[in-house]
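Here is the structure we will look at.
The values are calculated or read from the model by the stated rules, or taken from the named source; none is laboratory data. As the structure is a prediction and not an experimental result, all values here were calculated from the model. All Cβ positions, even for glycine, are placed from backbone atoms using ideal geometry, and neighbour counts span all protein chains on display. Protein only, heavy atoms only, side chains kept; ligands, DNA and RNA dropped before computing areas. Shrake-Rupley method; radii C 1.70, N 1.55, O 1.52, S 1.80 Å.
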Amino acid sequence: GTARSLRVGVAVSAVNGPDMKWDTGLRERVPRRWRIGASWDAVNVLKGLILAFEVVRVPGDAATAGGGTRLLAGAEYRFDIGKPRAVPLLAVRAGFADGGRSARTLRCGVGIAYGSFGVDYALAYGAELGASHYAGLEVRP
């Protein structure tokens, strides 16, 4: 049912507020970061569709680097070609991140899995950095 296909998570990083020292001698405190997110496997709507949403909060002024709130949303559609682990599983993904005008990012990607192995590629486009490419290799036991 719907309850089994909904997942919610909360995470806090840099709980102790550690300091980071740069080669220049400058010290900066690493801000505590709060994350809350949810994903829904929309199997009752369209088999293979997963929707996700996340809110990330970093204390500090939203105008400073890293401070403020970011909203992230995305979708993944998995094409299961045949029996699990027998033939490749193809996934296509799209997402959006909003952390203010300069931090808006569009993302898209593909992934393919075969047995215990997976390969992923993603393209992110944002106003500040332009296009960024990401690639990953996964090995599952």
Within segment 120-134, residues open to solvent by 60 Å² or more (accessible area, probe 1.4 Å) and within 21 Å of ILE50 (Cα to Cα) come out as TYR121, TYR134
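Quick one: in segment 61-86, which of the residues that are open to solvent by less than 80 Å² (accessible area, probe 1.4 Å), more than 19 Å from TYR121 (Cα to Cα) and not polar (S, T, N, Q) is modelled with the highest pLDDT? Can you show your working first?
Here is the first cut: in segment 61-86, the residues open to solvent by less than 80 Å² (accessible area, probe 1.4 Å) are 62, 64, 66-77, 82, 86.
Subset that is more than 19 Å from TYR121 (Cα to Cα): 62, 64, 66-71, 82, 86.
Restricting the remaining residues to those that are not polar (S, T, N, Q) gives 62, 66-68, 70-71, 82, 86.
On the way: ALA62: 44, GLY66: 54, GLY67: 67, GLY68: 78, ARG70: 84, LEU71: 90, GLY82: 60, ALA86: 55.
So, considering only residues that are open to solvent by less than 80 Å² (accessible area, probe 1.4 Å), more than 19 Å from TYR121 (Cα to Cα) and not polar (S, T, N, Q), the one modelled with the highest pLDDT is LEU71.
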Which of the residues that make up segment 95-119 are hydrophobic (A, V, I, L, M, F, W, C) and either at pLDDT 85 or above or open to solvent by 40 Å² or more (accessible area, probe 1.4 Å) (or both)? PHE96, ALA97, LEU106, CYS108, VAL110, ILE112, ALA113, PHE117, VAL119
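Consider segment 1-40. How many of its residues are farther than 20 Å from VAL55 by Cβ and either out of contact with any Pro (no Cβ under 8 Å at 6 or more places or on another chain) or among the β-branched types (Val, Ile, Thr) (or both)? Talk me through it step by step, then tell me what you get.
Applying the first criterion (farther than 20 Å from VAL55 by Cβ) to segment 1-40 yields 1-5, 16-29.
Going one step further and asking which of them are either out of contact with any Pro (no Cβ under 8 Å at 6 or more places or on another chain) or among the β-branched types (Val, Ile, Thr) (or both), we end up with 1-5, 16, 18-28.
Summing the residues that are farther than 20 Å from VAL55 by Cβ and either out of contact with any Pro (no Cβ under 8 Å at 6 or more places or on another chain) or among the β-branched types (Val, Ile, Thr) (or both) in segment 1-40 gives 17.
Could you please find all residues in segment 18-54 being small (Gly, Ala, Ser) and either touching a Gly at 6+ places or on another chain (Cβ under 6 Å) or free of Cβ contacts under 8 Å to residues at least 24 places away in the same chain (or both)?
First, pick out the residues of segment 18-54 that are small (Gly, Ala, Ser): 25, 37-39, 42, 48, 52.
Of everything in segment 18-54, those that are small (Gly, Ala, Ser) and either touching a Gly at 6+ places or on another chain (Cβ under 6 Å) or free of Cβ contacts under 8 Å to residues at least 24 places away in the same chain (or both) turn out to be GLY25, GLY37, ALA52.
Could you tell me how many of the residues in segment 3-33 are in a strand (DSSP E or B) and open to solvent by 100 Å² or more (accessible area, probe 1.4 Å)?
To start, the set of residues in segment 3-33 that are in a strand (DSSP E or B) comprises 6-13, 19-21, 27-29, 33.
Next, only the ones that are open to solvent by 100 Å² or more (accessible area, probe 1.4 Å) stay: 7-8, 10, 21, 27, 29.
Matching residues across segment 3-33 total 6.
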